[in-house]
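K.L.:
Have a look at this one before I ask anything.
The values are calculated or read from the model by the stated rules, or taken from the named source; none is laboratory data. It should be emphasised that the depicted structure is a prediction, and the values quoted were computed from it without experimental measurement. In this analysis, Cβ positions are derived from the backbone assuming ideal geometry, glycine residues included, and neighbour counts consider all displayed protein chains. Each accessible area value is taken on the protein alone, full model and side chains, heavy atoms only, with ligands, DNA and RNA left out. Shrake-Rupley method; radii C 1.70, N 1.55, O 1.52, S 1.80 Å.
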Amino acid sequence: MLNLPNPSTGILLLNILREYGCGADCSSMTELMLSHEIGMSGEEIMFSSNDTPAEEFVYANEIGATINLDDFTHIDFLEKAIGKFPKTMSLRYNPGGVYTLSNGIMDNPGDAKYGFTKEQLFEGYKLLKEKGVERFGIHAFLVSNTVTNDYYPTLARTLFELCVEIKEKLGIKISFINLSGGVGIAYKPDQVPNDIRVIGAGVQKVYEEVLVPADMGDVAIYTEMGRFMMGPYGCLVTKAIHEKHTYKEYIGVDACAANLMRPAIYGAYHHITVAGKEDAPCDHKYDVVGSLCENCDKFAVDRMLPKIDMGDYLVIHDTGAHGFSMGYNYNGRLRSAEVLLKEDGSAQLIRRAETPDDYFATFDCFDILKNMKHPEK
C-alpha cells in the first residue's frame, strides 16, 4: 500500500502508483475522498486515523474502506457513528516499552499516542467478533525511517507470533497483517541504503517459521512503503537570492520551511547540491535558510558547499516524501508548483503554484476582500 501523507501528493502520481498495484493508506476525509475519486475502492483503501471525527468513519464505511481502529474506545464510537460494524475490521497494536534490535534502540512505542495495548487488543477482537465482524486484520507502526534490513523482519516476528496467540486464545484467525512503514531511505550520501530484497527475504523466512506451522500460511501481508517508494525521487529546487555575512555565512533562498518542513521540525538532513557546480570543491561553510520568521527555518546548518553565487539553483534532495505533502501557509507563504520529470527527459507540470487568490479563498464569504487587488493584476 502507498502511505498517503496528504492529498497534495498529486492525482497524477497516485494514478501512476495505482498502475503498479498500489492502494492507499488514508488518515483523513480528504485523503479518503481523493483515493475514492481516482477509482480506488473497498480493500484498496485502508483508513488508519486517530482522534477520528464521526463523519470520517461514516464516509470510510460508505466507500468500503478497511477501517483500522487506533484505540479501544473507538469500537463504541464507531458503532454509534455508523450503527453497525463492517464485516472486515483491523486494529492497531502498540506493544509499549522501547523497541530494540540487535543494533540498538530503534524507538519508544510506549511514548507514542497510537494503538491498543496487548490486553486491549485481545479484548477488542473478542468484542468485535461478538458484534458480528467476520474478517480481522492487525496493523503496527513502531519506528520511522529505519536504515537497517533488520527492522521489518523483527516487526514481522512480533506481529506473527501475536497473531498465532490470538488464534490460539480467541479462536480468531487474522486474515491480513499490515507491517505499515518505517523502512527508510539513505538521506546522506555516505549512508548504506536498505536492501529491499534482503528485507523481503527476512520477512518470508519469519512467515514460514511462525505462520505456516500454525496453519496460517494464507495470511495476506500489507505494507505502507510511501517514503521508500517516493522519498528519493523528489527534489526541491530553489534559487539563492540573498547572502548575509554576520556571525555566520548565510545563503537565503526563495523556498522556506513551508515548502519542506523536515529540517525545521526534526533537524533532518537533506543533501544539497548546487546546479552546475556538482564537481566543484565544497570549501565554503553556509547556513542555507528561508524567509520565515522562525530561526529554525534552515535547510542546512554549517553545511560545506561550493561557493554559492546569487542566482545559483540549489537542489535539495530526497523530498519526494514528507516534502510538499507537509507544506503549510505560515506567514502567508504559498506552496510551489510541482513538476514531473519523465524518463525521456521531458517535464510536465502536475500542480500549479498557489496564488494569493488561493490563500484568501476561505474568506470568499466576506465582502471585505472583494476589492482586493492582486499585485500582479
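K.L.:
Within the range 166-181, track down each residue that is over 20 Å from residue 223 (Cα atoms) and open to solvent by less than 40 Å² (accessible area, probe 1.4 Å). Step through it out loud before you land on a result.
P.N.:
To start, the set of residues in the range 166-181 that are over 20 Å from residue 223 (Cα atoms) comprises 166-172.
Once the filter is applied, which keeps residues that are over 20 Å from residue 223 (Cα atoms) and open to solvent by less than 40 Å² (accessible area, probe 1.4 Å), the range 166-181 yields 166, 172.
K.L.:
OK, next. Could you look through the range 282-332, keep only residues that are out of contact with any Leu (no Cβ under 9 Å at 6 or more places or on another chain) and among the β-branched types (Val, Ile, Thr), and pick out the one that is surrounded by the most Cβ atoms within 10 Å (Cβ to Cβ)?
P.N.:
Per the stated criteria, the residue is 289.
K.L.:
Tell me the strands (runs of 3 or more DSSP E) entirely within the range 191-296 that contain at least 2 residues that are touching a residue at least 40 places away in the same chain (Cβ under 8 Å) and either under 28 Å from residue 16 (Cα atoms) or of a type in the set (Ser, Thr, Tyr) (or both). So that I can check it myself, show each step before the final result.
P.N.:
Working: elements: 220-222, 236-245, 249-253, 272-274, 284-289.
Those strands (runs of 3 or more DSSP E) span 220-222, 236-245, 272-274.
K.L.:
Moving on to the next point. (1) assigned to a loop (DSSP other than H, G, I, E, B); (2) over 21 Å from residue 256 (Cβ atoms); (3) modelled with pLDDT under 95: which one isn't true of residue 307, the others all being true?
P.N.:
Only one criterion in (1) assigned to a loop (DSSP other than H, G, I, E, B); (2) over 21 Å from residue 256 (Cβ atoms); (3) modelled with pLDDT under 95 is unmet by residue 307, namely (3).
K.L.:
Hey, can you tell me all the residues within the range 63-87 that are without any contact (Cβ under 8 Å) to a residue 40 or more places away in the chain and under 27 Å from residue 20 (Cβ atoms)?
P.N.:
63, 64, 65, 67
K.L.:
Being in contact (Cβ under 8 Å) with a residue 60 or more places away in the chain and under 16 Å from residue 124 (Cα atoms) is the filter here, so list the residues in the range 136-158 that pass it.
P.N.:
If the condition is that a residue be in contact (Cβ under 8 Å) with a residue 60 or more places away in the chain and under 16 Å from residue 124 (Cα atoms), then 137, 139 are the ones that fit.
K.L.:
Of all residues in the range 76-104, which are at pLDDT 95 or above, crowded, with 21+ Cβ neighbours inside 10 Å and not aromatic (Phe, Trp, Tyr)?
P.N.:
Kept after step one, since they are at pLDDT 95 or above, are these residues of the range 76-104: 76-83, 85-93.
Now drop any that are not crowded, with 21+ Cβ neighbours inside 10 Å, which leaves 78, 89-93.
Listed by number, the residues that qualify are 78, 89, 90, 91, 92.
K.L.:
State the number of residues belonging to the range 306-315 that are under 15 Å from residue 237 (Cβ atoms) and not acidic (Asp, Glu). If you could, list the steps in order and put the result at the bottom.
P.N.:
Step one: of the range 306-315, the residues under 15 Å from residue 237 (Cβ atoms) are 308, 311-315.
When the remaining residues are screened for being not acidic (Asp, Glu), the result is 308, 311, 313-315.
So the count comes out to 5.
K.L.:
Which of the residues that make up the range 333-363 are in a loop (DSSP other than H, G, I, E, B), open to solvent by 50 Å² or more (accessible area, probe 1.4 Å) and not small (Gly, Ala, Ser)? Steps first, answer last, please.
P.N.:
Narrowing the range 333-363 to residues in a loop (DSSP other than H, G, I, E, B): 333-337, 342-346, 352-355, 360.
From the residues that got through so far, the ones that are open to solvent by 50 Å² or more (accessible area, probe 1.4 Å) too are 333-335, 342-345, 352, 354, 360.
Hits for the range 333-363 are 333, 334, 335, 342, 343, 344, 352, 354, 360.
K.L.:
Checking residue 145 against (1) at pLDDT 95 or above; (2) open to solvent by less than 50 Å² (accessible area, probe 1.4 Å): exactly one of these is not met. Which one?
P.N.:
With respect to (1) at pLDDT 95 or above; (2) open to solvent by less than 50 Å² (accessible area, probe 1.4 Å), residue 145 is out only on (1).
K.L.:
Take the range 153-165 and flag every residue that is under 23 Å from residue 197 (Cα atoms) and open to solvent by less than 10 Å² (accessible area, probe 1.4 Å).
P.N.:
Taking the range 153-165 as the starting set, the residues that turn out to be under 23 Å from residue 197 (Cα atoms) are 153-161.
Matches in the range 153-165: 155, 156, 159, 160.
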